[in-house]
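One structure is given below, encoded as structure tokens.
The values are calculated or read from the model by the stated rules, or taken from the named source; none is laboratory data. Fair warning: this is a prediction, and the values are worked out from it, not measured in the lab. Backbone-built Cβ (ideal geometry, glycine too); neighbour counts: all protein chains shown.
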Amino acid sequence: MIFVTAAVITNKDKILITQRAKADKLSLKWEFPGGKIEEGETPEACLKREIMEELNLNIDVLKCMGSTVYKYKTGEINLIAYKAIIMSGEIKLNVHNAARWVTVDELKGYDFAPADIEIIKLIDF
């Protein structure tokens, strides 16, 4: 099983979502940004590193919201979601196709990666 983190980055009543690149697995699906936990890395450290690499943002990881296990054709992942806020930086898309700030109600209008759909159920505003 692969352990992966996801950041539910909030700003007032909005949440940051990102769209995977066309060339990626799950092409153009929306997700909560994050990535694979490296050996010896905590989930929180992973999130801070991934968000800096992917979006050029320094975040503060606030609390674990929960996790979900999803089995893709390529393997099983345990996706661990954390609430986070931006401390500094401006969004720069280094690996994603797009990024949007949306409300909780607007999330249902986006085509999310299957594992991320379960994370939506954990959001408590």
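Data overview
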| read-out | value |
| --- | --- |
| Matching entry among 108, 121, 73, 63 (being surrounded by fewer than 18 Cβ atoms within 10 Å (Cβ to Cβ), charged (D, E, K, R) and over 22 Å from residue 2 (Cα atoms)) | 108 |
| Which listed residue, of 26, 62, 16, is at pLDDT below 95 and under 20 Å from residue 120 (Cβ atoms) | 26 |
| Condition met for residue 27 (in a loop (DSSP other than H, G, I, E, B), hydroxyl-bearing (Ser, Thr, Tyr) and free of Cβ contacts under 8 Å to residues at least 24 places away in the same chain) | yes |
| First in the range 98-117 and at negative phi and in a loop (DSSP other than H, G, I, E, B), second anywhere and at pLDDT below 95 and among the hydrophobic types (A, V, I, L, M, F, W, C), Cβ under 7 Å, 6 or more apart | 104/123; 104/125; 113/26 |
| Count of the range 82-98 residues which are crowded, with 18+ Cβ neighbours inside 10 Å and either modelled with pLDDT under 95 or in contact with a Ser or Thr (Cβ under 7 Å, 6 or more places away or on another chain) (or both) | 3 |
| Subset of the range 30-83 [of a type in the set (Gly, Ala, Ser) and in a strand (DSSP E or B)] | 34, 35, 66, 67, 75, 81 |
| Cβ pairs under 6 Å, 6+ apart, first in the range 33-60 and under 21 Å from residue 21 (Cβ atoms), second polar (S, T, N, Q) and modelled with pLDDT of 95 or more | 33/18; 34/5; 46/5; 47/5; 54/94 |
